[in-house]
């Protein structure tokens, strides 16, 4: 595995900002988009349950409808890609069994060998309400959001995380009723417009000692 | 800004796994640790509010106590660094004012010029309960967790995200009562032990079409 340097890392993280104005004429190369979708699929999640689906919305008509439910922010239609992050509304035995069946297949072991793990996980979710499970699943989705934005910056791709949207309206427009998934947030990917004034605006961060403490 | 290649990115993301057994003799070089703490400080957050504190727990006695509240997982004491992720328990006018004062200072503008933004943010948080604000702040913390794990992998540093811990016990051990922050999760950083059996275990992920859909 080839590591990068700390200055490459920090260069990318400082270059990144929440891009508001995208160049609508610039599209992600297929290989770049594929790598970023793979970064989503490779995101860590609790117990490895991957309680998410990522919807890449390409249809211009859908994107126009979604923009109307996102404070009319132009990046919803102008960015190269709009990715809607959805989380499982709950977790049940079927989620656990599907994950463990995949685990057994990948590792070449019997499903029954994972029984202690299955029982532990089943007990864990049994102690939580649907609301608590959705909160938990939504947190995992934000790990994927972080991994995506960091990965994009390193590839020189601009992004903007979006919480300013109506999850219920997104669910309806995207036909998620009954799917077992609900919209949590979104993220657009693409390339900043030449005239995006925020590109040249210094990043606002508290000093290190305000947010990091040593014990 | 120097971009990396997609194969460097995917190489790092595939190399990463939730490391369970760390080589306790291997410590992060200071420059590497500093870059990873900077990746936390540079993490995106909603409105840029940075509703978090990251506690780097170096004291062995504290780490032993925390391990007892983390299902006795060895990585709490054996990894090079233990970072506890805490979120603001709520958000109020002081949080907004502090952020906007910093924004005004960085951009060299009057605080009053940010009044429309201040009013919008104030209205936004006024509509939410403390519980909802903590849920929201906690989600932001998971962006930082994602950014940290991705950054670590790219620098060749192993990590393990940890939710299997008692947040209340962590709060007590770390003296967080009355601080306005509460433990959400943790992440350890360091180098995998030669005998960590999970290092050679294939990653378990659903196929792309199971988690990514195009609309």
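Residue A:156: surrounded by fewer than 21 Cβ atoms within 10 Å (Cβ to Cβ), under 18 Å from the mean Cα position of the chain (by Cα) and at positive phi, yes or no? Yes. Evaluated against (1) out of contact with any helix residue (DSSP H, G or I) (no Cβ under 9 Å at 6 or more places or on another chain); (2) within 9 Å of chain B (Cβ to nearest Cβ), residue A:171 falls short on exactly one condition, (2). For the range B:120-162, a residue qualifies if it is free of Cβ contacts under 8 Å to residues at least 60 places away in the same chain and touching a strand residue (DSSP E or B) at 6+ places or on another chain (Cβ under 6 Å), and exactly one does: B:138.
Going residue by residue through the range A:129-150, is there one that turns out to be outside any helix (DSSP H, G or I), more than 9 Å from chain B (Cβ to nearest Cβ) and closer than 26 Å to residue A:48 by Cα? Among the residues of the range A:129-150, at least one is outside any helix (DSSP H, G or I), more than 9 Å from chain B (Cβ to nearest Cβ) and closer than 26 Å to residue A:48 by Cα, which makes the answer yes. In the range A:96-114 there is no residue that is within 23 Å of residue B:17 (Cα to Cα) and touching a residue at least 60 places away in the same chain (Cβ under 8 Å). Every condition in (1) out of contact with any helix residue (DSSP H, G or I) (no Cβ under 8 Å at 6 or more places or on another chain); (2) under 13 Å from residue A:170 (Cβ atoms); (3) in a loop (DSSP other than H, G, I, E, B) is met by residue A:55 except one, and the failing one is (3).
Checking the stated criteria, residue B:118 turns out not to satisfy the condition of being at pLDDT 95 or above, closer than 30 Å to residue A:56 by Cβ and either part of a helix (DSSP H, G or I) or facing chain A (nearest Cβ under 8 Å) (or both).
Among the residues making up the range A:198-215, those that are exposed (fewer than 14 other Cβ atoms within 10 Å of the Cβ) and free of Cβ contacts under 8 Å to residues at least 24 places away in the same chain are A:200, A:202, A:207, A:209, A:210, A:214.
For the range B:77-86, the count of residues that are surrounded by 20 or more Cβ atoms within 10 Å (Cβ to Cβ), part of a helix (DSSP H, G or I), within 13 Å of chain A (Cβ to nearest Cβ) and in contact (Cβ under 8 Å) with a residue 12 or more places away in the chain is zero.
For the range A:176-203, filtering for residues that are part of a loop (DSSP other than H, G, I, E, B) and either under 25 Å from residue A:82 (Cα atoms) or at pLDDT 95 or above (or both) leaves 12.
Being touching a helix residue (DSSP H, G or I) at 6+ places or on another chain (Cβ under 6 Å), away from every other protein chain (no Cβ under 13 Å) and in a helix (DSSP H, G or I) is a property that residue B:90 lacks.
Is it true that residue B:66 is more than 30 Å from residue B:100 (Cα to Cα) and either facing chain A (nearest Cβ under 10 Å) or in contact with a helix residue (DSSP H, G or I) (Cβ under 7 Å, 6 or more places away or on another chain) (or both)?
Considered against the rule, which asks whether it is more than 30 Å from residue B:100 (Cα to Cα) and either facing chain A (nearest Cβ under 10 Å) or in contact with a helix residue (DSSP H, G or I) (Cβ under 7 Å, 6 or more places away or on another chain) (or both), residue B:66 comes out as yes.
The residues of the range A:1-18 that are assigned to a helix (DSSP H, G or I), surrounded by fewer than 16 Cβ atoms within 10 Å (Cβ to Cβ) and within 7 Å of chain B (Cβ to nearest Cβ) amount to a single one, A:14. Taken over the range B:19-43, the criterion of being outside any helix (DSSP H, G or I), in contact with a helix residue (DSSP H, G or I) (Cβ under 6 Å, 6 or more places away or on another chain) and more than 17 Å from residue B:201 (Cα to Cα) is satisfied by B:24, B:42, B:43. If only residues of the range A:45-62 that are crowded, with 17+ Cβ neighbours inside 10 Å and more than 7 Å from chain B (Cβ to nearest Cβ) are counted, the one that is nearest to residue A:182 (Cα to Cα) is A:51. Restricting to the range A:19-44, give me the number of residues that are more than 9 Å from every other protein chain (Cβ to nearest Cβ) and under 30 Å from residue B:160 (Cβ atoms). Of the residues in that region, 1 qualify.
The values are calculated or read from the model by the stated rules, or taken from the named source; none is laboratory data. As the structure is a prediction and not an experimental result, all values here were calculated from the model. Don't worry about glycine lacking a Cβ; one is built from the backbone with ideal geometry, like all the others, and counts go over all protein chains shown.
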